[in-house]
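Only one structure is covered here, and it is reproduced in the block below.
The values are calculated or read from the model by the stated rules, or taken from the named source; none is laboratory data. Bear in mind the structure is a predicted one, so any value in this text is a computation, not a measurement. Ideal geometry is used to build each Cβ from the backbone, glycine not excepted, and the neighbour counts take in all protein chains shown.
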């Protein structure tokens, strides 16, 4: 069983002007990379769920992800920005393009072991990869 959790994000602000490369091609590349990192953050935040303190007893976000894993379910976060760009996990799911290597600052929280396990399950076979490829 596969579930999708969709997030529509705000447009990513442009990088600071003192970091913009001189050519317009470099500027577009830099802006696109910045937007991709923002989308990746939003996808990972879905897997790094916080605890729900409104329930009695409070429910651990990692326990929710762990329960999905235990029941052989896949949760694929979908992040879409205001310009219609898709996050890297979504692009892999739809078009087969693997997510980029994970920068150090994008690692999963150490107290959320199920987040990394769900990420691995959602980005490797038998999870759907490239469903829109002929």
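Observations
- Top-ranked residue of the stretch 56-104 - restricted to ones that are more than 17 Å from residue 128 (Cα to Cα), part of a loop (DSSP other than H, G, I, E, B) and touching a helix residue (DSSP H, G or I) at 6+ places or on another chain (Cβ under 9 Å), ranked as modelled with the lowest pLDDT: 103
- Residue match in the stretch 31-40 (condition: surrounded by fewer than 17 Cβ atoms within 10 Å (Cβ to Cβ) and either at pLDDT 90 or above or farther than 24 Å from residue 8 by Cα (or both)): no
- Sole exception among (1) surrounded by 12 or more Cβ atoms within 10 Å (Cβ to Cβ); (2) touching a strand residue (DSSP E or B) at 6+ places or on another chain (Cβ under 8 Å); (3) modelled with pLDDT of 80 or more for residue 51, by number: (3)
- The set of residues in the stretch 105-134 that are at pLDDT 85 or above, touching a helix residue (DSSP H, G or I) at 6+ places or on another chain (Cβ under 9 Å) and part of a helix (DSSP H, G or I) comprises 113, 114, 115, 116, 117, 118, 119, 121, 122, 123.
- Candidate set from the stretch 117-134 (those that are touching a residue at least 24 places away in the same chain (Cβ under 8 Å) and over 23 Å from residue 62 (Cβ atoms)); member that is surrounded by the most Cβ atoms within 10 Å (Cβ to Cβ): 129
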